[in-house]
Every structure is written in C-alpha cells, then in structure tokens.
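Step one of this worksheet: look at the structure below.
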Amino acid sequence: MAESLADRKRRARRILDGLARMYPGARIELESSTPLELLVATILSAQCTDQRVNQVTAGLFPKYRTARDWAAIPPERLEREIHSTGFFRAKAKSIRGMARALVERHGGEVPRTLDELTRLPGVGRKTANVVLGNAFGIPALAVDTHVTRVSEASHLLIWHGRRTCQARAPKCPECGVRALCPWPGKTRPASSKPAATGDAERGRKV
C-alpha cells in the first residue's frame, strides 16, 4: 500500500527529529565572520571541501576586509592565492566581479534579498541561500549535493550526508534513523546479498 502524504510528512518529521539528536551541533562548516567573508568562502567552496576553503581563507580574510579590497586584487595574485581550491581562474573572476558589483550597486554591502544576490557575478541560488540563511538568518534552503541526495532540508541533512549516509559507502548500521529509511538496500554484513542497483536507486527516493 502506497504511503499517504500525511504518513510521509509524519515520517519526515521523525527523521528530522532523529537527525537533530544525531547532530546537535549541525551548522555551516565554512568559517567566516561577516556576510562578505561568507559570500567569498561559498564561491570558493564549489567543487572543493569546506576544510580546504577554511585553510585558504584563513590567510585571505585578514588581508582583504572590504568589497573594495577584493575588487582591487590583481587577478594573477588572487588566482595564486586560491589555486588549491580548484577552478581558480573562474573563481577569481567571480570574486572580483562580485566585489565590483557590490561596490557599484550596493555601496560595498552584501544585499539581503535572493534577487539582488543572484544578480551578482558568480552568485547562483545555492550561494545566495547560504548567505541569506547563515549570514542574515533569513529562511532559505541551500541545496548542497548531500541535501539533493538525501532529501531537502539544511545543515542536518548536509551533516548526515557527509558523516553517515555517504553516497558510495553509507554507514547504515551507525544510522540513528535507519528504521525510518525506505531504501531497501541498507548496508548489511558482507555475507548478505546486496539489493539490485535499480531497486536501490528507486528506493532512495523519499
């Protein structure tokens, strides 16, 4: 019998409650102290780990404090400084373009609306929502790769996707919400027969 919408909502609420118990300290893992720093860090985080971004920005943020500072960095220098985050040329172009736009359109301040943020060079909906939700406390859904895989929520699902429900090797025996998971291919001992790929993929959809 198909699960009703009401049952799905109840299960989703129980899953979120369980995840909150598993990850009581769930929060954004990019380190920043201002909306501008978070905006720069989020641009750098594309196809890069938060840990690597934090290592790079630890040396950048004390030097570049305003949008004018970021806009004035020669592209070659910025590319060298962010090289280890990958896609450094595109990221340097985005950061400098974003900073110039902040100076020209917003007096150097990071705007507080999705429409204004996504009009900045290099800023898409995910980046804008990260800034809105974490810098300004405005309700927003940042769809990280782990959120896309697991469902649609925020830091609880990101932490769960990174720490437990990993794509290639999910740690189902350690999962605090395993009993509520509809995926039939939950990790079993090596002697157990794994579920067929097609069934597993269909079962992942909540």
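Want the number for GLU116 to GLU76: 0.36 nm per residue separation, take away the alpha-carbon distance, what's left?
Details: separation 40, 0.36 × 40 = 14.40 nm, distance 2.81 nm.
Using 0.36 nm per residue and subtracting the Cα-Cα distance, I get 11.6 nm.
By a 1.4 Å probe calculation restricted to protein chains, TRP70 has an accessible surface near 0 Å², given to the nearest 10.
What accessible area per residue comes out for the range 2-63, rounded to a whole number of Å², with a 1.4 Å probe?
Here the per-residue accessible area is 57 Å².
Under the criterion of Cα pairs below 8 Å and six or more residues apart, the relative contact order for the range 21-117 equals 27 percent.
Placing R0 at 22 angstrom, the Cβ-Cβ distance between GLU29 and GLN166 gives a FRET efficiency of 0.90 after rounding to 0.05.
Among 89-96, 104-111, what's the highest-first ranking by average C-beta atoms within 10 angstrom per residue? Please list the in-between numbers first.
Details: 89-96: 19.1, 104-111: 14.9.
Highest-to-lowest ranking by the protection proxy: 89-96, 104-111.
Site pair ALA58 and LEU5 shows an inter-label distance of 4.9 nm when each label is modelled 7 Å from Cα along Cα→Cβ.
Entry comment: accessible area of the range 79-145 is 53 Å² per residue, from protein heavy atoms only and a probe of 1.4 Å. Over all orientations, the range 45-103 has a Cα convex hull whose mean projected area works out to 3.6 square nanometres. Over the range 1-102, the fraction of Cα-Cα pairs per 5 Å bin, rounded to whole percents and listed from the shortest bin up, is 2, 12, 20, 18, 11, 7, 6, 8, 8, 5, 3, 1, 0.
Where does each of 57-66, 30-39, 77-86 land if you order them by average Cβ count within 10 Å, highest first? Display every interim value, and only then the final one.
On the way: 57-66: 14.5, 30-39: 18.7, 77-86: 16.2.
Taking the mean over residues of other Cβ atoms within 10 Å, the ranking is 30-39, 77-86, 57-66.
Once neighbouring chains are kept in place and the probe is 1.4 Å, which whole percent of the accessible area of the range 1-96 is contributed by carbon and sulfur? Carbon plus sulfur share of accessible area: 53 percent.
For the range 50-140, would you read off the P(r) tail past 23 Å as a percentage of all alpha carbon pairs?
Numbers: 864 of 4095 pairs.
Cα-Cα pairs in the range 50-140 separated by more than 23 Å: 21 percent.
The values are calculated or read from the model by the stated rules, or taken from the named source; none is laboratory data. In this text, all values refer to a predicted model and were calculated from it rather than measured experimentally. In this analysis, Cβ positions are derived from the backbone assuming ideal geometry, glycine residues included, and neighbour counts consider all displayed protein chains. SASA here: full protein model, heavy atoms, side chains in, ligands and nucleic acids out. Shrake-Rupley method; radii C 1.70, N 1.55, O 1.52, S 1.80 Å.
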